[in-house]
Structures are given as structure tokens and as C-alpha cells.
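**Q** Structure incoming, see below.
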Amino acid sequence: MREIHADVARWLEEGRRVALAQVTKTWGSSPRAAGAVMAVSDDGRIAGSVSGGCIESSVICSALECIEQSGGRMERFIASTARAHEVGLSCGGSIEVLVSPLDAGLFRAEERLIARDSEYVRVSVVESGQAPADDFGDAATSAAPEGSAAGGGAASAEEPKRAGAFELEADAGHRASSSEVGVAFLIAYADDAEAALGLSTAADIDADGTPAAAPGTHLVDVPGDEPVCAIVPDGCAWPDGLVSAVAREVAEMPLTQDTGHVHRDGIDWFFSRCHAKPQLICIGGVHIAIHLAAIAHTLGYRTVVIDPRGVFATSERFAGVDELVHDWPQRAFDRIPVSAQTAVCALTHDPKIDVPALARALDSRAFYIGSLGRVTTQLSRYRQLSELGYPDESIARIFGPIGLDLKGRDPAEIALAIMAEITAVRHGGKFKMATMLESARSVMGQDPAAVAPLSTPACGRV
């Protein structure tokens, strides 16, 4: 949604009605993955895409019908392998697209989440009252071949739909159209959800202490270890208890799973995760940090360097960094938001700077925390954090010695190893990585295998 929200916001300001098309599942080769979106205004303008152009025409027609009928539908298309070769694809694929009117109130809340660069999830009803189909069935494995009754001549109701150079078949047997299909809600951390609905200021609190209701939407609490809320359109047909249960199940999915389906009470729910822009915080304006910030910037990260020593964190040394902070980490973290898309690297070798930074990182939702230094340094940091009251299961979140073991020695090579480890953790890569707890126990002569399994930061997050 981030890539199309500006267009959608403009259309709504103009008073237009909008439909949203979401790719919810693909089979075989497909130009766009599940989670791809396209918006269609009631005057025929589009933003985004759901394929390489092969089904857009049909989806636009469906979207316009959904706007007129105020109901959603599921469209499934099967691309002819022969036609796929003609347009440059090596094999045909099948695409499932959910098309439904966009709830303007819910989108306004979503727009505010995007403006805050918040993590959130959009959850939509795909099908109701029947088990979801896992495939298209034997009768729908390919479109009619060239020259057959369905492959040429005048179009008929039984023929495949044509859109561009692809020959497509809409699977009417799996097509659902109702006021329930496409109904959506959002999941976000409680503070972000309250801000999105305008409930986070004193002016929005009623005299009895109850948050004033934001127009068109309301919050549903989601029980669990972390403060998560669902943002639900008013008048939603689903009871809040069901929404809460679905939201909890989605919130417990690994952060590396961007899309998926949840089945509850005979309903198929599709979820699509909208990540905040990733952020790298380097503690210490050291030589390694210069290269690390540059690599992270190339990969699309927002980069921050924190160092109370002004001689190190200079704009000349860090020309491309987004933010330089000349302060102690314990104060800097009070004003720098740390989300589940943030990586924190303690690089100074100075415990007066690194230890407070690691402690504040452990108090956050950062998906990656790394500590520079050999195993004896990790033992020292472990003992200091333990004295501050952090249990072993928390300290196990810290990777140390930091970085994958690429055998490099130069600052740029060490930076590459650190960024490789950050990337692996973010995307669920399977590499040998050391944690501070494992390193500390190995020095103390304890069996590192006795360390409790690392509870990956990718789990239990929105």
C-alpha cells in the first residue's frame, strides 16, 4: 500500500470511490507475488499492478463492478502456457486476486500509519462459508489451445477472458461475490493504532476517560504479550471477538512471513504485512561504521550514527548518513524511534557507550542487536547486562561477536560481514551465527549448547 497510497489519497480527496485489488495467491510463474496491490478509481484511473499487464484489464472491469455493486469478489485467472511464451515468460502461471471496494475510513487510518512509518498488517476476508481451494482443479490447469473453439473466433460466455497477449480463464466455480468478501481490518502496535485514529492526545479523551471514537473506525484490543490493536471499520459484520482472535493469530506469525492465510470459523482471511523502512543505528562513529552505514544506505536503510565524542561522528566522515547524534545512547534513544525494522550495532569497544546502548536496544523491538568484540568482550558485556537485571533469555537476542564469519579483517570487510548477518536475520536466513550468551558461556567453560534456543525477534511481532 505504501507505493499507491498517495494516488488513493488524492482520489478520495476528489470525492472518487476506489476499489482495491490484492494478489492473494499464485501458482507457477507469476510476475507479481502475493501481496501486490492495484487501486482503481471509479473514473478508471489505476495505481500499482497485480501482474505484468496480462490481467489488469479484466481486474479493472471487476473493480469498477465492485464499486457499483458495493461488494467484493474473488477472481482466479489461468494463463495459457503458449501465450505466456509469446510475451516472454518461460511458463504459465495462475493468479488469485481479491477485488473489493476500499473503505475510506480504514484507509485514512492506514494513511496515518504509513505517514508514521509504522509496522502494520492489512487483513481481508477472502472467502466466507466454504473451505478455501488449494488449487484450480484438473479442469482448470490450462486455457484452451490455439485454434480450438475456445482459442479463436468470436468470444462466447464459455471462452476464456482475453487481456493483452495472455489468454485467461476466470474460474467461475471459485468466484465469490458478497458484501462480506474483501472486508478488511488493520493490525498495529497499540501506540501506533491510537495515533492513527487520533486517540493519543489529551484532547481526544472524553470526560470519563474513554478515548473519543475516530470517525468510521474503532479499536479492538488483541490480548497477548505485546500491546497490539486491530483497527476495524464501524459496521463490520464480524464480531470483535473473532477479529481479535484472527489478529492474534496473525500477530504471532514470523515477521519474515509477509503474506499468508488464516482460517477461522469457516472464513479464509488473507494478511499482507506492510513493513516500516528498515533502520540501522550504529553506536560509535568508528571506521567500521563508515562502511557499514554506506552499505546499509545502498540497501535502503535509514542510517543513524550515535556517538557522544564529536570528533568521531562528523558530517565529513559520515556524509551520506541520515542522522548524526552527538549524545550518549541512553539519551539519544529517548528521541530516536526503534521499531521491529531497526538493527542496532554497538561498535565502540567502550563499555561506557556500548553497554547503555545494548540495554536500551534490549528494551526495544529491534529485530537485530549486535555487539563488536571477541568472546572475552562478550563475556564482559554479558556480566554488565546481567548486573543491570537483564535475564539470559533477553541477552540471547544479542549477536556477538557481531557479523558472519567471512574471515575478513579490514573495516570494510567487517562491515560487509555485519550487514550480511543483519540481512540473514531480517529474512530468516540459516547461517552459523554466535550470540553473546553462547560466547560468554563458552569462555566460562559451560556448554554453549545449554543456551536456551534464541527466540527470534521475527516472531510475535506485527
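The values are calculated or read from the model by the stated rules, or taken from the named source; none is laboratory data. This one's a predicted model, so the numbers in the text were calculated from it and none came from an experiment. No Cβ is skipped: glycine too gets one built from the backbone with ideal geometry, and neighbour counts run over all protein chains shown. Please note that ligands, DNA and RNA were not included when accessible areas were found on the heavy atoms of the full protein model with its side chains. Shrake-Rupley method; radii C 1.70, N 1.55, O 1.52, S 1.80 Å.
**Q** For segment 26-68, what are the residues that are basic (Lys, Arg) and farther than 16 Å from Ser100 by Cα?
**A** Step one: of segment 26-68, the residues basic (Lys, Arg) are 32, 45.
Arg32, the sole residue that qualifies.
**Q** Among all residue pairs at least 6 apart or on different chains, which show Cβ distances below 8 Å where the first residue, located in segment 31-43, is under 15 Å from Ala9 (Cα atoms) and the second is of a type in the set (D, E, K, R) and surrounded by 18 or more Cβ atoms within 10 Å (Cβ to Cβ)?
**A** Met38/Glu56; Ser41/Arg17; Asp42/Arg17
**Q** For segment 260-283, how many residues meet the condition of being in a strand (DSSP E or B), open to solvent by 40 Å² or more (accessible area, probe 1.4 Å) and in contact (Cβ under 8 Å) with a residue 40 or more places away in the chain?
**A** 2
**Q** So, one more: Select the helices (runs of 4 or more DSSP H) contained entirely in segment 375-444, then report the ones holding at least 2 residues which are crowded, with 18+ Cβ neighbours inside 10 Å and among the small types (Gly, Ala, Ser).
**A** Ranges flagged: 411-427, 436-443.
**Q** Let me ask you something else. Condition test on Arg331, is it touching a helix residue (DSSP H, G or I) at 6+ places or on another chain (Cβ under 8 Å), assigned to a helix (DSSP H, G or I) and of a type in the set (D, E, K, R)? Step through it out loud before you land on a result.
**A** On the way: touching a helix residue (DSSP H, G or I) at 6+ places or on another chain (Cβ under 8 Å): no; assigned to a helix (DSSP H, G or I): yes; of a type in the set (D, E, K, R): yes.
Taking the combined requirement at face value, the residue does not satisfy it.
**Q** Can we say Ser51 is modelled with pLDDT under 90, out of contact with any Asp or Glu (no Cβ under 7 Å at 6 or more places or on another chain), of a type in the set (Ser, Thr, Tyr) and part of a loop (DSSP other than H, G, I, E, B)?
**A** yes
**Q** Select from segment 30-48 the residues that are open to solvent by less than 60 Å² (accessible area, probe 1.4 Å), of a type in the set (A, V, I, L, M, F, W, C) and assigned to a loop (DSSP other than H, G, I, E, B) and list them in ascending order.
**A** Ala34, Ala36
**Q** Test Leu12 against the criterion of being outside any strand (DSSP E or B) and either open to solvent by less than 50 Å² (accessible area, probe 1.4 Å) or touching an Asp or Glu at 6+ places or on another chain (Cβ under 9 Å) (or both), and give yes or no.
**A** Judged against the criteria, Leu12 is a match.
**Q** Evaluate the following for Thr314: is it part of a loop (DSSP other than H, G, I, E, B), over 30 Å from Val126 (Cβ atoms) and in contact with a strand residue (DSSP E or B) (Cβ under 7 Å, 6 or more places away or on another chain)?
**A** When the stated conditions are applied, Thr314 does not pass them.
**Q** Does any residue of segment 67-78 turn out to be in contact with a helix residue (DSSP H, G or I) (Cβ under 9 Å, 6 or more places away or on another chain), modelled with pLDDT of 90 or more and assigned to a loop (DSSP other than H, G, I, E, B)?
**A** The answer is no, given that none of the residues of segment 67-78 is in contact with a helix residue (DSSP H, G or I) (Cβ under 9 Å, 6 or more places away or on another chain), modelled with pLDDT of 90 or more and assigned to a loop (DSSP other than H, G, I, E, B).
Okay, residues lined up against (1) modelled with pLDDT of 90 or more; (2) open to solvent by 10 Å² or more (accessible area, probe 1.4 Å); (3) in a loop (DSSP other than H, G, I, E, B):
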| position | (1), (2), (3) |
| --- | --- |
| His218 | yes, yes, no |
| Ala230 | yes, no, no |
| Ala237 | no, yes, yes |
| Ser244 | yes, yes, no |
| Glu249 | yes, yes, no |
| Gln257 | no, yes, yes |
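**Q** I would also like to ask the following. Checking Lys352 against (1) assigned to a strand (DSSP E or B); (2) open to solvent by 10 Å² or more (accessible area, probe 1.4 Å), which single condition isn't satisfied?
**A** That leaves (1) as the condition not met.
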